[in-house]
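Asker: Quick one: the structure is below, and I'll ask about it shortly.
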Amino acid sequence: MNLLAPELTGLLYLAAAVCFILALKGLSSPKTARRGNAIGAAGAAVAVLTVFLSVRLENVVLIVAAIVAGCAAAVPVARRVQMTQMPQLVALFNGVGGGAASLVAILELSHNADPWVRLAVVFTMLVGAVSFAGSAVTVAKLQELISTRPLLFPGMPLAMAAVVLGAVTSGAVIILTGSVGWALALLVMGLAAGLLLVLPVGGADVPIVISLLNAFTGLAVAASGVVLGNVLLLVAGTLVGASGTILTKVMASAMGRGVAGIMFGAFRGGSTAGSTTLSERPVRSASPEDIAVQLGYAQRVVIVPGYGLAVAQGQHTVAELATVLGARGIDVVFAIHPVAGRMPGHMNVLLAEASVPYEALRELAEVNPEFANTDIVLVVGANDVVNPAAKTSPGSPIYGMPILDVVQAQQVVFLKRSMRPGFAGIENELLHDPKTTLLFGDAKDSLSKVLGAVKAL
């Protein structure tokens, strides 16, 4: 027996949809992101409760058991995940969403003979399977379970063409006959397409692919809303698909390349990762005390955080260093590149965790004109986002990517664990510039030593 009248059900679905829209708006700024997440979670809770109270459900015990099992698995993982592993977690959740949409579509195939609904089923299954398999590859790459470099094999373009042809054929048969057997074949084709689509992508382009697959999952969920006749699923999926598409375009622009070039560049013989050959040229290194003296006599310091800072969990130490320098009358700001870290907003969230004021964060377009008047740039665990090769080396995989122009500053100090290249796998010529000084070691340990030396001045 349904406990809610249709009119009330519609109003609750509308309220949930409004919550989802407000959540996206909240996530557009670090100041409101926490509130946005809470609003989105509230909307999801309203949506789930509305379904339970307005739909005649069968197997309620199994449904509740599945929800409990999912919560039992997800909550501990979400609480324990490290900041450096957040992109993997996002990709994992995204892939699970796509896979769930595909399975639901298969189950609904035998319940509806409408060709248009079957078309939605085919779309949901194919796109959801691509998202699931592709997300699994991105997780493996970011977790370094497989190489982060492009992975290709002879005849890969032909294999992709065969998979696409097989998917089109399977989809056509499903629409005409509703065959579950062909649906399983389409599922296999979708999984294969996801693997073949993402394996050739490597280097710093992997986070962009995660965003694109997130859009795919949104479209699959929207199509499943058509299959199930659920307007809220259609709205929520469309929101995710649209926001994921916009984010993908923004990230690709930040890298200076088109989405098509990122996804299919390796098929044309290009590469999305560079050489990992290390240069044997000497570099100038210094002690923490030397770096502290440089910082102590500066009037303006710009700190560029990167993935190495996140790995070392040095955000609290760098925040304290900025506070100590600020107390000495030194102007200190943080320069944030759009693709610093492993996902958009990675550095913003990392620094917010250390209570760095939002006003101290400067985006690329805002901070670049200021480097010429900067005494010292302290680069902590970043490499590709300050690499001049993006402007000077046409053959570089990051050529055309907008970078932070730290080369314009009076002095540049790199805190690096080693001379190993960044995620894109290419050498940074700035490391050999006469104005550059390197301090080798774990980022948190190096920052602690520099902080102690600054306090002792």
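The values are calculated or read from the model by the stated rules, or taken from the named source; none is laboratory data. Fair warning: this is a prediction, and the values are worked out from it, not measured in the lab. So basically every Cβ, Gly included, is an ideal-geometry build from the backbone, and we count neighbours across all protein chains shown.
Asker: Only one of Val450, Val377 is modelled with pLDDT of 90 or more, aliphatic (A, V, I, L, M), under 21 Å from Thr323 (Cα atoms) and not in a helix (DSSP H, G or I); which?
Answerer: Val377
Asker: Next question, about the same structure. If you take the residues of segment 363-414 that are within 24 Å of the chain's Cα centre (by Cα) and closer than 18 Å to Ser285 by Cα, which of them is surrounded by the fewest Cβ atoms within 10 Å (Cβ to Cβ)?
Answerer: Selected residue: Asn383.
Rundown of residues vs (1) part of a helix (DSSP H, G or I); (2) of a type outside the set (Asp, Glu); (3) farther than 20 Å from Phe20 by Cβ; (4) in contact with a Leu (Cβ under 9 Å, 6 or more places away or on another chain), yes/no style:
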residue	(1), (2), (3), (4)
Asp205	yes, no, yes, no
Val209	yes, yes, yes, yes
Ala222	yes, yes, no, yes
Thr238	yes, yes, no, yes
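Asker: Tell me, please, whether a residue that is of a type in the set (Asp, Glu) and touching a helix residue (DSSP H, G or I) at 6+ places or on another chain (Cβ under 7 Å) can be found in segment 102-113.
Answerer: yes
Asker: Which one of these is under 28 Å from Glu144 (Cβ atoms) and touching a Gly at 6+ places or on another chain (Cβ under 7 Å): Ser418, Ser446, Ser396?
Answerer: Ser396
Asker: Every residue in segment 205-252 that is surrounded by fewer than 20 Cβ atoms within 10 Å (Cβ to Cβ), of a type in the set (Ser, Thr, Tyr) and in contact (Cβ under 8 Å) with a residue 60 or more places away in the chain, please.
Answerer: If the condition is that a residue be surrounded by fewer than 20 Cβ atoms within 10 Å (Cβ to Cβ), of a type in the set (Ser, Thr, Tyr) and in contact (Cβ under 8 Å) with a residue 60 or more places away in the chain, then Ser243 is the only one that fits.
Asker: So, in segment 23-50, of the ones that are under 18 Å from Ala236 (Cα atoms) and in contact (Cβ under 8 Å) with a residue 40 or more places away in the chain, which residue ends up surrounded by the fewest Cβ atoms within 10 Å (Cβ to Cβ)?
Answerer: The residue in question is Leu24.
Asker: A follow-up question, please. Is there any pair linking a residue in segment 151-177 that is over 25 Å from Gly202 (Cβ atoms) to one that is outside any helix (DSSP H, G or I) and not charged (D, E, K, R), with Cβ under 7 Å and at least six apart or on different chains, and which?
Answerer: From segment 151-177, the pairs are Val173/Ser179.
Asker: Pull out all pairs, ordered by first then second residue, where Cβ-Cβ is under 7 Å, the residues are six or more apart or on different chains, the first lies in segment 285-296 and is modelled with pLDDT of 90 or more, and the second is assigned to a helix (DSSP H, G or I) and surrounded by fewer than 20 Cβ atoms within 10 Å (Cβ to Cβ).
Answerer: Once the first residue is modelled with pLDDT of 90 or more and sits in segment 285-296, its partners that are assigned to a helix (DSSP H, G or I) and surrounded by fewer than 20 Cβ atoms within 10 Å (Cβ to Cβ) give Pro288/Lys449; Pro288/Ala453; Glu289/Ala453; Ala292/Ala453.
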